[in-house]
Amino acid sequence: MTRLPTVLAAKLPPPRPQVIEAKPELLAAVGGRASTDDLDRLSYARDLWPLALLWIRQGRIPPPPDAVVWPGSEDEVSKVIKLARRRKLAVIPYGSGSGVCGGTWAINGGVTMDLKRFDSIGEVDAAHRAVEVGAGVLGETLERKLNSRGWTLGHFPSSIACSTVGGWLAARSAGQFSSKYGKIEDMVLSARVVLGTGERLQTPERPFSGPDLTPLLVGSEGTLCAFTGAKLRVFPNPKGRVFHGFEFGSVVKGLEAIRLVFREGLRPAVVRLYDPFDTAFVGKGGVKKPAVPPSLRGLMQTTIFPALMRQVTKQTLGRPSMMNKLQSAFSRSRLILMFEGDPARAEAEDRAATAICRQLGGDDLGEAPGRAWFKKRYDVSYRMSRLIESGTFADTMEIAAPWEQVHQVYERVHAAASQFAFVLCHFSHAYADGCSLYFSFVGSAESEEAMEDRYQQLWRGALAAAVSAGGNVSHHHGVGLLKAQALQDSLGEGRHALRAVKSVFDPDGVMNPGKLGL
């Protein structure tokens, strides 16, 4: 990961002269909905990449865009991109900024194009089980609307309350129930986009004979096109759910249980295996205390306690090898399964999975662990800020591997990352041919500069270990800037094909420069 430019939040650089010159055209292109105000530019300068959170703690931010626009039609999106081509300006498509890989950073300035005004949700076509959705629709809004009509998309990323359909398509998103319903690319019947040429395109609806453009565009992270909408597959609301939990004597036994479950043709909506240390945390679900707004916190909560926590974390998480050695005291791994759909079928699949788990020595914990996870399944996404406030860095890395390599990838990444951070892992998003490994890292250091260095070393080592052991560089968080070099390295000669596609769909290179290494 290369060093990226930052600016001081107190000294935001002015918009580039070429953007100021183009501002009248920008305003005309989007019906006056364009801004070069500092507050707007600052607001769109970053996503939720933890590196940016470290910088903000230091009073630094990523370089901001020179302007922000809010188009409301495909014609307006086309006009913005054609103007950018003429003026040689970068265009950064933007959903809601919930990404964690730097996918919306304006590293070359330019124009950030917020697509949330594409917020339409059509009627469900019950015969075809499909719905037309605008790219700017928030996931939670879509799911609630579908549920009220008797349907579900089956797509539940942890960011569902603050991520958009367009962002899902751009980053190749996966939800918590992907083992049954698939990732977002499995739900797309057709997509509407505006290419880097400024041309509008609707991909042919699946099933379709001949080459399919949709897989080329989904996951392109704004480097080829801006998504404006899609036709998505939907499913009837499930009539039944069955939860089950098991504990195994080792990670290896738990992984073998998941592999056999899927090889037998069973399809749990949720499958999550926690490594031994993560199991220890999962098993301790205390009463959740109500949050206290910052304005109501006293001196102890706002100043004294955070200062004490920063000192403690430097002494503990600043020495990750010591913390990670504690993991040898734990060996048991917890597996959570959840089947849903027709009640009789869900119960039958649960019985078959239970037989497999018991055959491999799994202790039956009943339904309580699964129900407890389901109730709190989004909570972890809101804990990051508290860790950052305590003077640490915290991040997650989701990769995937074939079943034959999953445990080897786990061991190598764990060993590489343990030098720089405290490491936890769970296995989820399982399929017949493999599964995702979801690592959590928490670390600290004596100074902010040392912490950033440690963070960068952690990612270089962890990604290299994953690829060398047979894994990939991303399962569903995307690539952005964080994993761009690792992606290019892993593609090998295939990177030339990716760049050839880029040259056709975005001949002037204006679309989201730097992401995916393009």
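Coordinate-derived values only; no laboratory data. On a predicted model such as this, the values are computed, not experimentally measured, just so you know. As a convention, Cβ positions derive from the backbone with ideal geometry for all residues, glycine included, and neighbour counts pool all protein chains shown.
Evaluating 6.51 cos²θ - 1.76 cosθ + 1.60 at θ = phi - 60° for every residue in region 222-235, the Karplus couplings come out as x, 7, 10, 6, 10, 6, 10, x, 7, 9, 10, 6, 10, 10 Hz, glycine and proline recorded as x. Across the chain, the mean sequence separation of Cα contacts (distance under 8 Å, 6 or more residues apart), normalised by length, yields a relative contact order of 17 percent.
Each Lys or Arg adds one and each Asp or Glu subtracts one; over the other residues with Cβ under 12 Å from the Cβ of Glu205, this totals +1.
Peptides 91-102, 348-359, ordered by how many other C-beta atoms sit within 10 Å of their residues on average, highest first, read 91-102, 348-359. Each stretch of four or more DSSP H residues adds -39500 (n - 2.57); spread over every residue of the chain, this sum gives -11000 deg cm²/dmol at 222 nm. Using a simple spin-label model with pseudo-atoms 7 Å out from Cα toward Cβ, Arg377 and Arg33 lie 3.2 nm apart. Given their separation in residues at 0.36 nm each and the Cα-Cα distance between them, Glu449 and Glu264 gain 61.6 nm when the chain is fully extended.
Close amide H contacts of Ala430 (hydrogens built in the peptide plane, cut-off under 5 Å, sequence separation of 5 or more or a different chain): Ser179, Val271, Ser436. The relative contact order of region 7-115 comes to 34 percent, based on Cα pairs under 8 Å that sit 6 or more residues apart.
Charged side chains reduced to their Cβ positions (Lys and Arg at +1, Asp and Glu at -1) give the chain a dipole of some 740 debye around its Cα centre. Normalising the average separation of contacting C-alpha pairs (under 8 angstrom, six or more residues apart) by the number of residues puts the relative contact order of region 130-236 at 37 percent. Taking 7 Å steps out from each Cα toward its Cβ at Ile388 and Arg87 produces label points 3.0 nm apart. Rg and Dmax, both from the Cα atoms of the chain and both in Å, are 23.2, 71.
Give, rounded to the nearest 20 debye, the magnitude of the charge dipole that region 126-281 has about its Cα centre when Lys and Arg contribute +1 at Cβ and Asp and Glu contribute -1 at Cβ.
The dipole of region 126-281 has a size of about 520 debye.
Sorting 66-73, 42-49 by their mean Cβ neighbour count within 10 Å, with the most densely packed peptide first, gives 66-73, 42-49. Summing Cβ point charges (Lys, Arg +1; Asp, Glu -1) relative to the Cα centre of region 7-115 gives a dipole of roughly 380 debye.
Available extension along the chain between Ile121 and Arg495 is 131.0 nm, counting 0.36 nm per residue and deducting the alpha carbon span. Between Ala9 and Asp433, full extension at 0.36 nm per residue minus the direct alpha carbon distance yields a gain of 148.0 nm. Between Phe330 and Ala464, the FRET efficiency from the beta-carbon distance, with R0 = 35 Å, is close to 0.85. Amide hydrogen proximity for Thr228: with H placed 1.01 Å from N in the peptide plane, the residues at 5 or more positions away or on another chain lying under 5 Å are Arg192, Val193, Val194.
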